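This report refers to the structure that appears directly beneath it.
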Amino acid sequence: MKSPSLKFLLALAWLSGPLHAHNTQKQPSDILHWHAPEIATVSNRNFDFHSGNLLVSWRAPGQVKKIDGKDCLVGGYFFFDVRDDFALDIDETVRVEVEVDTRVTDGFHFSYDHAVNPVVRAIAVTPDSAQPMKTVSFEIDRARFANRKYEYTDIAIGALGATEPQDRTKNGEVAICGFRLFREAKVPKPEVPTVKGKLTLSVSDVDGTESSARIGLFREDGSSPLPDESALLLTPFENSVRQWSLLSTPRGWPSAGRYVSFVKGSYQADLDPGTYTLVISKGPEYRLTTATIEILPGQTTRQAIRLKRWTNMPSKGWYSADGHIHIARPTQDMNEDVLAYMSAEDLHLSNLLQVSTPATYASYPQYAFGKDGHYDVGNYALASGQESPRSSHRGHTIGLNAPKYVWNNEGYFVYDRVGREISELGGMFGYAHVAIDAFNVRYGLATDVPLGNVSFLEILQLSQLDTGHFYNLLNLGYRLLPSAGSDFPFIETFGADRMYAQIGATKFSPHSWFDAYRKGRSFVTSGPIIDFTVDGDGKQSEYAVARGAPLRVKANASVNPDFDLLDRIELVVAGEVVASAKAKGGTSALAIDHTLTPDHSTWAAVRTFGTDGTVAHTAPFYIIVDGERRTWQRDQVTRIANTYIAILDEFRASAPNPDEDWERAETEGVSGSAWDRDKTALDKSIAEARSRYLDLIKAATASK
């Protein structure tokens, strides 16, 4: 999987209205009253994941300030909408002039709507104390300016210090006092009338029935025509789009182009004559389909595509889910279209999460929760959940399948209250972004896992797998499930990271999926598939044996060769690799056949890694020796528990830091006061968690 190899990758910044309002997914992007000749509007935003890099403003919202008599934009990150009457849907080299105040600006990131793939450039600025105002001139190639950046913008400029992880050696703000764009041609070339051709596309599943799918249509240079209205309409933020830029592509992707659309079985478009590459995908269980299409003037090209499967997991009792998606669904009439583009990625269960911050009640609202919020057609379903509570100081949590949205405003930082209520209501509570170690998640894990309400950890995101906390907590004896989520639209495309649960012959529904997931027969993946048996049993997650009795573990991993090849498969026991198989140069399938002879109760799991970055990891299975149900690793308990006690002590002495807050534009002035209000109750939770770690140490020491 071709994707950025950054550890700390996450861009989450929601803004909503009054605390009590059930508003939609409004963003921190106030329009600023600032003029430049080729610019229609300028707006604030504090992040941009789809820029070609991860850019984040750690400062308060930008504003217009007077500097040496000039109106200047001063702040961390700004978006610019190029006037459509100056340039719209072009493909040209454009000259840029940016005047900056070097007393504030040590350089900037310049990102723009590129014809093939979003591009960002780092522009250095040399300070000049004698003449602090400096105009920087440079050219950008293949500028498209088709309003494809956030909120229909074309360009963004951010401080060099506005990256994740933060570059604290660089300034976190820029001061932009002038901005000009010049098209390569002094006078736009007159448009030559072209007789367009027509493409009529139909997509069917292997059985011939109409099928939703993701499509890419690319010219030889990788650029894509803007989609026709027959493409599905996505609403990732405040803007609605029919074209989406991919952050990663599978190894078999045939084009440099990254812009795709989603269709509901059919697509029609008027196209300029020429040769196009058509790419159709439907998640990792289907082969990529590619075709060369010739569009002739005045003629209709009809293309019928029947998808081919690589594997059929539902036929084996396994169904996929994405545990972390943000799409506003305030009314039921959105269900059909939302389900259509989820099924285009062959995503059977899509968990749509309503969101809060210390300043926000709910963005990405869902019209109902629990059974009333389920919408399913055939083997595809939508379910409501929540990413709340969440903060940059102690992590983001996820609640799944509870019958209501659980809100704790008067105690926002006391997460365990929400976790306990969600669990008591029959839902599941866990932590997001563990895979990328974001938002001081260690504080939340150290506090809430020993309090008993954490069911899962999101250990896979953006094809990044991080098992550090997961293995440590399993080795303390806590039973946890792995989860995976795309965090669409902020990070990946929905379904890019997913989890499978083994439902077996039971009819698929959100209820049956969650019931199977709780039972622990599941795995997370960004592409590969894993299956295993213990003494021939492939359905359980717990196996009872006598001390020294052999257990034969047989595990198989495979991957769609259009997506990746496998490098290795590993059997892990209590965090240590006890058996592995490695491919030479990559292969589409690997297997392990290994016999364990455990002398104490423990846990084990299987994981696999692709040559191009994909990964998969099973839920742990538990080996119960001589009836002892505690699966801790007794000799590691003191070390691990003391590690988390130290984290708790650090947490108790801490306070929210605005320089770490991705949502600073929204929460500044709110997080601090909420923290002060909640600190006494939070300290009680910290103390209780600390006591439980000490009890573990005492019990482990006494049993030696």
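The values are calculated or read from the model by the stated rules, or taken from the named source; none is laboratory data. Computed from a predicted structure; not experimentally measured. Using ideal geometry, Cβ is built from the backbone for each residue, glycine included, and neighbour counts are taken over all protein chains shown. In case anyone asks, the SASA skips ligands and DNA or RNA and just uses the protein heavy atoms, side chains included. Shrake-Rupley method; radii C 1.70, N 1.55, O 1.52, S 1.80 Å.
Within the set 316/519; 264/316; 539/584; 371/507; 170/679; 149/404, which residue pairs have Cα atoms separated by over 24 Å? Over 24 Å Cα-Cα: 264/316; 539/584; 170/679; 149/404. Only helices enter the 222 nm calculation for the chain: every DSSP H run of n ≥ 4 contributes -39,500 (n - 2.57), and dividing by all residues gives -4500 deg cm²/dmol, rounded to 500.
Calculate, in nm to one decimal, what residue 331 and residue 643 gain on full extension: separation in residues at 0.36 nm each, minus their alpha carbon distance.
Length gained between residue 331 and residue 643: 107.7 nm.
For the range 426-508, the Stokes-Einstein estimate of translational diffusion at 37 °C and a viscosity of 0.692 mPa s comes to 242 µm²/s, using the Kirkwood hydrodynamic radius over alpha-carbon pairs. Nearest 10 degrees, 0 to 90: what angle lies between the long axis of helix 671-702 and the longest principal axis of the chain (Cα atoms)? Rounded to the nearest ten degrees, it is 30.
A crude spin-label estimate for the pair residue 137 and residue 238, with each label 7 Å from Cα along the Cβ direction, gives 3.5 nm. Accessible area per residue for the chain is 37 Å², calculated with a 1.4 Å probe on protein heavy atoms, without ligands, DNA or RNA. Which angle from 0 to 90°, rounded to the nearest 10, does the C-alpha axis of helix 415-424 make with the longest principal axis of the chain? Around 60 degrees separate the two axes. Measuring how big the range 582-702 is from its alpha-carbon positions, Rg and Dmax come out at 21.8, 58 Å.
Shape summary of the range 371-418, radius of gyration then Dmax from alpha carbon positions: 13.3, 41 Å. Less than 5 angstrom separates the built amide H of residue 495 from those of 486, all sequence-distant by 5 or more or on a different chain.
Positive contributions from Lys and Arg (+1) and negative ones from Asp and Glu (-1), summed over other residues with Cβ under 11 Å from the Cβ of residue 221, come out at 0.
The length gained by stretching the chain between residue 292 and residue 407 to full extension, at 0.36 nm per residue less their Cα-Cα distance, is 36.2 nm. Placing unit charges on each Cβ (+1 for Lys and Arg, -1 for Asp and Glu) gives the chain a dipole about its Cα centre, and among 318, 360, 150 the Cα reaching farthest toward its positive end belongs to 318.
The orientation-averaged projection of the convex hull spanning the C-alpha atoms of the range 36-147 amounts to 7.1 square nanometres. Based on C-alpha pairs under 8 angstrom that are at least 6 apart in sequence, the chain has a relative contact order of 12 percent. Compared with the direct C-alpha span, the chain from residue 552 to residue 593 gains 14.0 nm at full extension, assuming 0.36 nm per residue. Would you please classify the overall shape of the range 114-220 from the alpha carbon gyration tensor, given that a ≥ b ≥ c denote the square roots of the eigenvalues, rounded means a/c under 1.5, and beyond that prolate means a/b larger than b/c while oblate covers the rest? Cα axes put the range 114-220 in the oblate bin. Across the accessible surface of the chain, with the other protein chains kept in place and a 1.4 Å probe, carbon and sulfur atoms take up 48 percent. Taking max minus min of the alpha-carbon positions on each principal axis, the range 472-524 gives extents of 35, 34, 14 Å, largest first. Taking the Cα centre of the range 352-454 as reference, the dipole from Cβ charges on Lys and Arg (+1) and Asp and Glu (-1) amounts to some 100 debye.
Rolling a 1.4 Å probe across all protein chains gives residue 73 an accessible area of roughly 0 Å². Most tightly packed first, judged by the mean number of other beta-carbon atoms within 10 Å of their residues, the peptides 621-631, 499-509 read 499-509, 621-631. Between residue 68 and residue 195, the modelled labels are 5.9 nm apart [label points 7 Å from Cα along Cα→Cβ]. Residues whose amide H falls under 5 Å from that of residue 232, counting only those 5 or more places apart or on a different chain, are 262, 263, 264, with hydrogens built in the peptide plane.
Each distinct pair of alpha carbons in the range 437-592 adds a 1/r term; the inverse of their mean, the Kirkwood radius, is 17.4 Å.
Please give the FRET efficiency for residue 275 paired with residue 626, using the beta carbon to beta carbon distance and R0 = 60 Å, rounded to the nearest 0.05. Walk me through the intermediate numbers first.
Numbers: r = 69 Å, r/R0 = 1.15.
Efficiency, from the Cβ-Cβ distance: 0.30.
Spin-label pair residue 505-residue 577: with each label point 7 Å from Cα along the Cα-Cβ axis, the two points sit 3.9 nm from one another.
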